[in-house]
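These notes are about the structure you will find just below.
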Amino acid sequence: MTEPTFVPATPADRAQVLAMHEAFFIEDELVGFALADRTAGLDLLLAQPGRWGCVYLIRAADEVAGYLVMTWGFTVELGGPFVLADELYLRPAFRGQGWGRAALAFVAEAARARGMRAVQLEVEHHNRHAAQLYRRMGYAPHATRTTFELRLGGDPAAEGGR
C-alpha cells in the first residue's frame, strides 16, 4: 500500500472532513458534543488555517484515508507552547497498516518545526487499541491529571477568538 501524505485541508474539503468527523464521533460513541458546535469549530480551522490550528487530509495517492486536527496551546508546566493532536481518524481500510504511526510521527515533526515543547492528545477510556499505539509511540498517560471542562458557549469567531 502507498505511504500516507498529509495535505492541508481547505474550505473546499469541508464536506469530506465533516463526513469523516461524523463517522469518527459515531464510531467512538462520543456524545455530548453538539454537531453545530463541532461544525463551527472545524469551519474556523478550515477558514483560518494556522490561527488556532490546522486540519490535514491523510491521503493514499488519490484516495482520502482520514484526517488529522492539530491545535495550539500553551502551558507554563511544559515551558511554553504545545500541539494538541485533537482528532486523528483513519477509515477502517487504512487501520493496522502503520498509518496511525505515520500520522503521529507527522504531528511530532510539525510540532518540532513550529518550536513546540510537547504534543498532547486525548483518548477515550474504552479505546485501548489507540492507547496502546500512543504508548508504543512514546506517549505516556499523565500521572496526576484528569481533564475537566467548563463550557462557556458563545461563538469564538464573533468574540474575536477570545
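Checking each residue in the stretch 20-39 for being under 15 Å from the mean Cα position of the chain (by Cα) and not charged (D, E, K, R) picks out MET20, HIS21, ALA23, PHE24, PHE25, LEU30, THR39. Residues that are open to solvent by 10 Å² or more (accessible area, probe 1.4 Å) and without any contact (Cβ under 8 Å) to a residue 40 or more places away in the chain within the stretch 57-71 comprise ASP62, GLU63, THR71, listed in sequence order. Filter the stretch 98-140 down to residues that are assigned to a loop (DSSP other than H, G, I, E, B) and closer than 18 Å to GLY73 by Cα and give me whichever is nearest to the chain's Cα centre (by Cα). Applying the filter and picking the extreme gives GLU122.
Tell me, yes or no, whether the stretch 8-29 has at least one residue that is open to solvent by 50 Å² or more (accessible area, probe 1.4 Å), more than 25 Å from ALA105 (Cα to Cα) and not in a helix (DSSP H, G or I). Yes, the stretch 8-29 contains a residue that is open to solvent by 50 Å² or more (accessible area, probe 1.4 Å), more than 25 Å from ALA105 (Cα to Cα) and not in a helix (DSSP H, G or I).
Checking each residue in the stretch 115-133 for being touching a Pro at 6+ places or on another chain (Cβ under 9 Å), surrounded by 14 or more Cβ atoms within 10 Å (Cβ to Cβ) and modelled with pLDDT of 90 or more picks out MET116, ARG117, ALA118. Identify all residues within the stretch 134-152 that are open to solvent by 90 Å² or more (accessible area, probe 1.4 Å) and within 14 Å of ALA103 (Cβ to Cβ); write none if there are none. Hit for the stretch 134-152 is ARG136, nothing else. Only one of the listed residues (ARG91, ARG51) is closer than 25 Å to ALA111 by Cβ, open to solvent by 70 Å² or more (accessible area, probe 1.4 Å) and touching a strand residue (DSSP E or B) at 6+ places or on another chain (Cβ under 8 Å). That residue is ARG91.
Kindly indicate which of LEU104, LEU84 is touching a Leu at 6+ places or on another chain (Cβ under 9 Å), open to solvent by less than 10 Å² (accessible area, probe 1.4 Å) and either of a type in the set (Gly, Ala, Ser) or farther than 18 Å from GLU22 by Cα (or both). The unique qualifying residue is LEU104. Residue pairs whose Cβ atoms lie under 6 Å apart, sitting 6 or more positions apart in sequence or on different chains, and linking a residue in the stretch 1-23 that is free of Cβ contacts under 8 Å to residues at least 24 places away in the same chain to a partner that is surrounded by 14 or more Cβ atoms within 10 Å (Cβ to Cβ), do not occur here.
The values are calculated or read from the model by the stated rules, or taken from the named source; none is laboratory data. Bear in mind the structure is a predicted one, so any value in this text is a computation, not a measurement. FYI the Cβ positions are ideal-geometry reconstructions off the backbone, even for glycines, and counts take in every protein chain you see. Side chains included, ligands, DNA and RNA excluded: accessible areas come from the protein's heavy atoms. Shrake-Rupley method; radii C 1.70, N 1.55, O 1.52, S 1.80 Å.
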